[in-house]
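Just so you know, all these numbers are worked out from the coordinates, no wet-lab data involved. Note that the coordinates shown come from a computational prediction; the quantities given were computed from them, not determined experimentally. Glycine gets a Cβ as well: all are built from the backbone with ideal geometry, and neighbour counts include every protein chain shown.
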Amino acid sequence: MGSEGRMSKSAGRDGLTRREFFKTALSAAAGLGACLAPAAARGSASSAGAAKGPAGAALRSPGGRGTTRPLVLIARRTGGASDAAAFYKSVLDASMRRLAGTERIDDAWAAFFSPEDVVAIKVNAINGRALSTSPLLAGAIAQGLISCGVAPKNILVWDRTTRELEAAGFTVNFSGNGPLCFGTDAPSVGYESSPTELGSIGSCYSRIVTEVATALINAPVLREHSLAGVSGALKNNYGAIHNPNKYHANGCSPFVADVNSHPAIRRKTRLNVCDAVRVQVHGGPGYKPKWTKEFNGILVSTDPVSLDAVGLDETDKMRKAAGLRSFREEGRYPGYLAAASQLGLGVSERGAIDVVNVEVA
Amino acid sequence: MAGRRDFLRKLGVISGVALGASLAPGLSAVPFANSGPARGRLRPGAAEGAASAQQRATAQPAAQGPPKEALFYKKLPEAEVECQVCPRKCKVGDIERGYCGARENRRGVYYSLGYALPCAVHLDPIEKKPFFHYLPGTTSFSLGTAGCNMDCKFCQNWEMSQARPEQTENYRLPPGDVVEAARRAAASTVAFTYSEPGVVAIEYMLEVAALGNRSGLKTVMVSNGYINRDPMLEVCKRVGAVKIDLKGFTEKYYKDVCDATLNPVLDTLVLLKGSGVWYEVVYLVLPTLNDSDAELSSMAKWVVGELGPNVPLHFSRFYPIYKMKKLPQTPLSSLERAWKIAKGAGLNYVYIGNVPGHEAENTFCPKCKKPVVKRAGYSILEMKVARGRCAYCGYPIAGVWS
């Protein structure tokens, strides 16, 4: 049975059809202009500084730091073993407080999102349970969104296909009762009907990105990629286009940058939260246990380019520890980072990025 | 996704013949007869009536049973593979796909995801491929699967060629069912077409061809020719005819417009010349991009010199679509200019396509110059070829006529 069958069954059981959801979601999207205006005003008026806005917001002053340098948080738990859900929540909460410069966690989330938002969380589920974005991290993000007033029915955890999400341990949910979870391949969703041409690419984008969501959260995993070099936030948006297979030549550059230059991605992406609890440092993108290292942390930034640059740096450190050469030494340093920077998507120069390590006891 | 039984039932219902009985001969027996544009039969949109292939995405080939292991690939360390079907030689990591989007590495084993899952199934005149010198006047059971190893900005079938198999609405049609359905439809051939069968469907096509050959049902391939030598040799062993789209005659054009390279296509054409397989060449004329006198002249001279004067060469009219919506359709004058250049270079069989009613749709005897096949669009109006010879003067007319 295809996903359409599963969808119908689920919708019938839970009492809300896909059509109803999208009616709701799209209604919210239609009101985007009205919704975002007060939200943005609130953001700029708050002490947080990091406003609700596109990735370019990274160039503003997050956390009232008085600088335009982008900030990447590396949050790790220093304590011993604990419940994984609690771990994700604690490091995410700490990151959000630091990023927004507030003490209250709901205020921190409110600096980026408003109750009127329809928020789509793009996870990376391609590697099954072994090395995909943890559903627990997605759950912690959803909790944060709910804390600032985003309705659960207006939160969608998504990737390319529903099947991949299921295989990665996500609980598929088509109903309107809680955070939703399904792929672009779900009926009534799909891709745009004609390609958008941006620089080197021409792709049909997921309608989740272009039509359904008013705000995007990019929640990738961190891993080495044999062709792209490193796969983090920017590469994760290959899952938003219908033809990523066309764009793996030349280290995926400048294709990755061009994919991320879509106006919807630029305008709507408010936050990037990278699951780096386990990082594959070689042999990717497929899961290779022998090359997977425990990093036990997450990376958080409003700037996807900076996040990737820092993530690459951390991956390089682990590669060195494992006896591997660096990306530069192998001639595989991703050119798409500089290309993305040139497109104004963020900052790729490592020395121009502030990194703050957040340790949670 | 329509199952095999659904598909066959549909044939029976529309023809008014119960499943299992023979279909009445003629196009009306088949629901896909005389289709318009060669589009995939795409997944119906739930919310939008005019949804595209991508909007209609939900098919899950992987859920249809074990996928077919691909031919022509090499295993590499770290569960990587190197695809050896086409000149790209994609190095594909575990869980990744090649450029075509239809072949996937799963833990070091490469799979053909579109195997037995055509998204377009039509009964077409063989002239639509176009083949003008291969079994003219017959019908071809035509099918295509999602994916392509090029990305031509003018692709008329981009919704399937630039899609992945899970993004199109597919039939499940194993090789035996293809042959059976073609026979029921009284088709003379099975055509693998619409996308790039020589790459994305080579396993499927080779099996269909082998099965069909046992009972005299020939398979033909409509291809961009961007295929490596070894797989192409396998194709030549089994198919009855090949049509090659020669997109242009400069590397720049191939790179800029098709994201590919020219020389491998020329190699394929030379290989075909020596293979004994009937083949024809199509050249889609794009205004200002591949229609200069110099380029057309170089191309025509190369064809005459390397392939000989008897290769049919079709100049087709371009219509704006996909990533070339701002380019106007090909002026008739450009097509006629191309025709004259090719004739002047010494080619015997030059045609103008996508201009129904044009005189250059006809075949003329190279010796007596009389029209030996008169056509209107895809229809044969008059046939004056008997046993492969001009009915007027007896001169041999190149081709496979019966």
### Lys, Arg +1 and Asp, Glu -1 on Cβ, resulting dipole of segment B:147-283 about Cα centre, debye, nearest 20
460
### Message
Given the options A:Asn173, A:Val358, A:Asn237, identify the residue whose Cα lies farthest towards the positive end of the charge dipole of segment A:60-360 (+1 on Cβ of Lys, Arg; -1 on Cβ of Asp, Glu).
### Response
A:Val358
### Query
Between A:Asp83 and B:Asp256, what FRET efficiency comes out of the Förster formula 1/(1 + (r/R0)^6) with R0 = 41 Å and r the beta carbon distance, rounded to 0.05?
0.15
### Rough spin-label spacing in nm, given labels placed 7 Å along Cα→Cβ, for B:Lys89 and B:Lys343
4.4
### Task
Rank-order A:156-168, B:330-342 by packing density, defined as the average count of other C-beta atoms within 10 Å over each peptide's residues, highest first.
A:156-168, B:330-342
### Message
Just to be sure I understand the model, the point goes 7 Å from the Cα along the line to the Cβ. What's the resulting B:Tyr395 to B:Cys368 distance in nm?
### Response
1.0
### Query
Separation between the A:Ala352 and B:Asp230 pseudo-spin-labels, each 7 Å from Cα along Cα→Cβ, expressed in nm?
4.8
### Message
Can you give the FRET efficiency to the nearest 0.05 for B:Glu382 and B:Tyr319, using r as the Cβ-Cβ distance and R₀ = 22 Å?
### Response
0.20
### Task
Mind checking segment A:327-361 for GluC sites (Glu not before Pro) that DSSP puts in a loop (not H, G, I, E or B) and that have at most 16 other Cβ atoms within 10 Å?
A:Glu329, A:Glu330, A:Glu349
### Summary
Here P(r) for segment B:234-382, Cα-Cα distances in 10 Å bins, as whole percents, is 11, 39, 37, 12, 0
### Query
Suppose every K and R has +1 on its Cβ and every D and E has -1 on its Cβ; what is the size of the dipole of segment A:60-360 about the Cα centre, in Debye to the nearest 20?
520
### Task
Pairs of lysines 8 or more apart, or on different chains, with alpha carbons under 24 Å: count those in segment A:60-360, would you?
24
### Query
Looking at the P(r) of segment A:60-360, how many percent of alpha-carbon pairs lie beyond 25 Å?
43
### Exposure proxy order (Cβ contacts within 10 Å, fewest to most) of A:Asp185, B:Asp177, A:Asp83
A:Asp83, B:Asp177, A:Asp185
## Note on the structure
Ordered by fewest other Cβ atoms within 10 Å, a rough proxy for footprinting exposure, B:Arg103, A:Arg319 read A:Arg319, B:Arg103
### Message
For peptide A:248-254, what's the mean number of Cβ atoms from other chains within 10 Å of each residue's Cβ?
### Response
2
